[in-house]
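One structure is given below, encoded as structure tokens.
The values are calculated or read from the model by the stated rules, or taken from the named source; none is laboratory data. The shown structure was predicted, so the numbers you read here are calculated from the model rather than taken from an experiment. Note: ideal-geometry Cβ built from the backbone for every residue, glycine included; neighbour counts use all protein chains shown.
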Amino acid sequence: MKSDVLIIGAGPAGLTAGIFTCRAGLSSVCIEKLAVGGQASLSHEIANYPGFEAISGFDLMDRIAKQAKSNGLRIAYGTVKSLEKSKTGFIVKTLDETFNSRKVIIASGCKTRKLGLKDEERLTGRGISYCASCDGAFFKDKVVAVVGGGNTAIGDVEYLSRLAKKIYLINRTEKFRAGEFALKKIKKLKNLEILTNAQVKELHGKDKLEAVSVNIDGTKTKINLDGLFIAIGYEPDTSFIKFDVDTNPQGYIIVDDNMRTSVKNLYACGDIINKDFRQIVVACADGAKAGNSCIGEK
Ligand SMILES: Cc1cc2nc3c(=O)[nH]c(=O)nc-3n(C[C@H](O)[C@H](O)[C@H](O)COP(=O)(O)OP(=O)(O)OC[C@H]3O[C@@H](n4cnc5c(N)ncnc54)[C@H](O)[C@@H]3O)c2cc1C
């Protein structure tokens with residue numbers, strides 16, 4: 001299949017990029033490995049996307065996808081296995097298909113690291129969250145736990161301390177990876193209990209999360225709670241790119257203000273890029289910029 005623009009990933013960033021490229025008359029194809037909508041579709045309620053006081057992630061992404069398709073964005077399902085350079089642009093391969101395009105926008109997001117526990121996926125969005133600033137408000141006056149020991153986990157504790165009745169911070173080791181200043185600040189919180197040398201071993205709950213079993217210093221303890229925020233990091237996956245492109249040490253793609261990568265006619269947007277704030281509205285804005293850059297450059 002041939003197109004002017006090929007977009008990898010149909011989350012908020014990729015779909016928004018497609019709205020812009022299609023409206024400018026560029027033939028555009030978006031390849032998606034799972035479901036159109038990306039990670040945002042997982043959130044049962046989004047209350048921080050402008051224009052909607054509250055909307056389910058699924059409904060918001062459905063609207064954005066419909067808008068992109070009505071503007072002409074073609075969706076192709078498949079997992080991108082390789083992105084290579086060609087004489088005229090790029091060749092993208094999935095298991096079943098080969099795509100040729102002059103320009104490519106990488107909008108493949110990044111994965112939150114999982115605990116890898118049984119029932120983790122089933123209870124995601126039903127008490128388990130990977131995003132405190134997205135979902136924290138649903139746990140007002142409730143009991144929650146944050147898993148992790150880095151700056152994200154500490155930031156989540158601080159954020160949730162203003163909402164939740166009680167917070168447990170569960171860290172695998174005695175030592176925290178987070179900065180001393182941030183740690184000092186949260187240690188003053190009255191509604192926080194810190195558990196070190198502690199590992200979540202089991203998740204309990206039928207329709208929603210009700211408790212977790214934690215191994216603390218070798219002793220198993222069951223803690224009743226309403227929410228579990230897992231903040232053990234993100235993983236960008238750029239292994240499908242078969243040539244050099246600049247990334248930061250963690251593997252996030254480095255872009256300029258207009259979402260250009262270090263490779264001509266290759267753009268990146270959304271959670272996959274090197275930035276501090278990963279939210280839908282930001283991903284959409286990145287996508288708009290990437291789309292606009294495609295339009296503006298020969
Ligand atoms: C549970 C949860 C709740 C959240 N709640 C909120 C919220 O309330 N408000 C908010 O603003 N943000 C929220 N976020 C964050 C928000 O979802 C992300 O910042 C946003 O989705 C990033 O958009 P993106 O398009 O960059 O990436 P993604 O949404 O991750 O989309 C990337 C897409 O690329 C696809 N893809 C990846 N690799 C390949 C490949 N090799 N081939 C083909 N396709 C591929 C993926 O399947 C995915 O569909 C939440 C995140 C989670 C996980």
Filter region 15-48 for residues that are in a loop (DSSP other than H, G, I, E, B), under 25 Å from N292 (Cβ atoms) and at pLDDT 95 or above; which is farthest from the ligand (Cβ to nearest atom)?
-> G25
Is it the case that V80 is part of a loop (DSSP other than H, G, I, E, B) and touching a strand residue (DSSP E or B) at 6+ places or on another chain (Cβ under 9 Å)?
-> yes
Residue selected from region 35-56 under the condition over 15 Å from G270 (Cβ atoms) and free of Cβ contacts under 8 Å to residues at least 60 places away in the same chain, by the criterion surrounded by the fewest Cβ atoms within 10 Å (Cβ to Cβ) = E53
Expected single match for modelled with pLDDT of 95 or more and either among the hydroxyl-bearing types (S, T, Y) or within 11 Å of the ligand (Cβ to nearest atom) (or both) among K66, K93 is K93
Only residues that are free of Cβ contacts under 8 Å to residues at least 12 places away in the same chain, over 18 Å from the mean Cα position of the chain (by Cα) and more than 22 Å from N100 (Cα to Cα): list them for region 232-291, please.
-> P249, D256
What is the one condition in (1) among the β-branched types (V, I, T); (2) near the ligand (Cβ under 9 Å from one of its atoms); (3) within 19 Å of the chain's Cα centre (by Cα) that I55 does not satisfy?
-> (2)
